[in-house]
1. Distance between Cα centroids, the stretch 1-58 to the stretch 619-688: provide it in whole Å.
2. Using Cα pairs under 8 angstrom and six or more residues apart, how large is the relative contact order of the stretch 1-151, in percent?
3. State, to one decimal in nm, how far the label point of Asp210 lies from the label point of Leu171, with both points 7 Å from Cα in the Cβ direction.
4. Going 7 Å from the Cα of Asn286 in the Cα-to-Cβ direction, what parts of the stretch 374-402 have a backbone nitrogen less than 16 Å from that spot?
5. Between Val546 and Ser568, what is the label-to-label distance in nm when each label sits 7 Å out along the Cα-to-Cβ direction?
6. Using the basic label-point model (7 angstrom from Cα toward the beta carbon), what is the Thr130 to Ala635 distance in nanometres?
7. If I stretch the segment between Asp118 and Lys517 completely, what's the gain in nm (0.36 nm per residue apart, minus their alpha carbon distance), one decimal?
8. Provide the percentage of antiparallel DSSP beta bridges, counting only those with both residues in the chain; round to the nearest 5.
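Every read-out reported here was derived from the displayed coordinates using simple, explicitly stated rules and does not represent laboratory data. Quantities reported herein were computed from a predicted structural model and do not represent experimental measurements. With ideal geometry, Cβ positions are generated from the backbone for all residues, glycine too; neighbour counts draw on all protein chains shown.
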Amino acid sequence: MLFRFSIKLKLIWIILLVSLLSIGIGFTLVGFEQHSTIKKKLIESSLIHGRLLALNTEVPLTFDDYEAVSDIISRVEMASLEEVVIYDSEKQVFAQFDRDENNTIDVPKNLEFGATVDAKWIHLYLPIGTEEKPLGFAYLKISLEPLADQNMRAAAFLTTIALLIMIFVYLLAHRLQAYISRPILELAYVAKEISSTKDYSIRAKVYHDDEIGSLTQTFNEMLDAVSERERERDEAEMALTESKGRLESAVKELQYLANYDSLTQLPNRDLCVDRLRSALLRASRNKSKVALLMLDLDHFKDVNDSLGHVVGDELLKAVARRLHTIIKETDTLARVGGDEFVVIIENVVDNYKLLKSVKHVTELFNLHFDLEGCMVHTAVSVGICIYPNDGLDVNTLMKNADAAMYKAKEVGRNTFQFYEPEMNAQILRRINLSNDLRAAIERKELNLVFQPKYNTKSRKVVGAEALLRWNHPVIGNISPIEFIPIAENTGLINRIGLWVLKKACVTAKRFHSLGFKDFSIAVNLSAIQFKQVNLPEMIIDVINEVDYPPSKLDLELTESVIMSDVDSSVKMLSRLKSKGFSIAIDDFGTGYSSLSYLKRFPLDALKIDRTFIDDVTTNEDDNAITLAILSMAKALRLKVVAEGVENEEQLHFLAKHNCGEVQGFFFSPGVNDMALGQLIEENLAVHQ
Ligand code: C2E
Ligand code: MG
Ligand code: MG
């Protein structure tokens, strides 16, 4: 059963109760009516019998005929008559009759004429003779028992009838209630089903076109609305979950982007600093040591410039992968800058083991990197500092590892350096130099020296290369290798470059005026200068101002400068060439020039880097490379200048293999214009 007191049961009960009440009231009324009618009839018939008795006893009483009176009263034919008493006129008992002879006759006092009724009896008190002058009195006591019996029978009959009616009503109610309760029960069932299954597609059946039917209809409409809202809610929830998911992944991505380098997937500088901070906390608790390795790829810029950024990126990824193979789980490898990586090594026990780990890192770079068929060789400079010896906080340690790394670069790259306190002085020097360089131009601290170039075979001076010098008032002479990068970083290089060009042309012009018309001057151009769109016009302006012939100006550019963007380099070189300048690739062999590109450039000369010339007569590789450059230059019809010739053997070798020109300490280092003038004169004298 669905409910404890179902509507069906309640309806049956209501019908039964109402029927019972109606039958009860009806039957009670009928019973009462019946009872009072019978009672009335009994009283009336008793009165008739009583009066008859009074009439019959009148004569015998007049004659005091006791026998006759007794006879009459004993013969009264009334079934329920109990007692009869006849009084004389003095109200003395004259004769009496008692059906139950054992009882004493007890006549109620103060009876009035007529009938008096109590619970069990009818008492009749009647005058004999006239009422005004009675001869005597008759008292009759009639039992009401027959009436009670009759009542009992009637009640039993009515109860039986009532029971039968109730059974009939029950059966009828049972059948009829279904008409009302079934739709309600079904409605209740559907409501319960929906509430437990949450399936809002269920509908209740409409049975009749009445109030319940309309209720069911409304209920179904309500369900329509609910299921529509459910659908909308589901859609909204789905959209919410979807956007929540998107938000979560966006947050994750943001967190990832904030902490990881997108190229190598390594932790970035921020996360590296966090990890270092945590490592230092652990180390201070455990009284242990942490090593910080700052790695910087050597000549990465050249790879980027000559082979392009795509290859540069591939190299960084490959380096990250290679480094990852030797990193322990407890250590951290991060990329903190363009070509800068950091390794954090925790729980450093002894320096020997640390040294082994560092060597392991540098040895990783012994092998070439194969970048989709392009074999690239790169090395790494590593700076190392140790907590707590070299610093107690993140900033100090990072700064000191950086200083050690710069030192490693300075001492020749492809090596490592442990931090020493004086290293910071070198960084400070760089900062000071960059501040001083600005003033150096105004204070005329910059000047030029000229290194003469000779024809290899004739040993005749053919020209000179202008080399920049900085005579610092405190430090003294500073190498261009140190301050040209500073000039590039501070943006001063364009101003300085123009000054060099003008000064070089002015000097060369003087030699022309002295009659040495074949003399050509070579000027080095930095990458920054080469990127100026109006470079050819600026140079033309200078040489016009000086009235110097463009054909006697050699512009020296390194391989990496022209390889960084081949197409625009070809355009720029063509424009320079069209102005009549001659163009040479400086330090040739150290960069990554692709031979196929080389022939696209409108060049005039190659300058073989002195690192090949140094051991050209003793080292097979250098020998082979130099010969290859010479034969390639011949094929491309390019002039070759060998740099850094320091002895007769080198000169002899170069002459033998048709290297056109040489420069180097064998002949002369860079000298001032006066000394150069003297040198030219002496050379001219020899050859006249
Ligand atoms: P570079 O253009 O390759 O110049 C040749 C360098 O080799 C010069 O060093 C020269 O002194 C040195 N050298 C020449 N012969 C020998 C030799 O026989 N043995 C040895 N050991 N060295 C020799 P320097 O003057 O220190 O210049 C270094 C570099 O600085 C130059 O290399 C050039 O790239 C750059 N540089 C110099 N002056 C300028 C300039 O005015 N503008 C620009 N942009 N760069 C300049
Ligand atoms: Mg040069
Ligand atoms: Mg050079």
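1. 153
2. Working: 184 pairs, mean separation 36.0, N = 151.
Computed value for the stretch 1-151: 24 percent relative contact order.
3. 2.3
4. Output list for this probe position: 387-388.
5. Distance between label points: 2.7 nm.
6. 18.5
7. Details: separation 399, 0.36 × 399 = 143.64 nm, distance 17.48 nm.
Gain on extension, Asp118 to Lys517, equals 126.2 nm.
8. Working: 62 of 87 bridges.
DSSP beta bridges in the chain are roughly 70 percent antiparallel.
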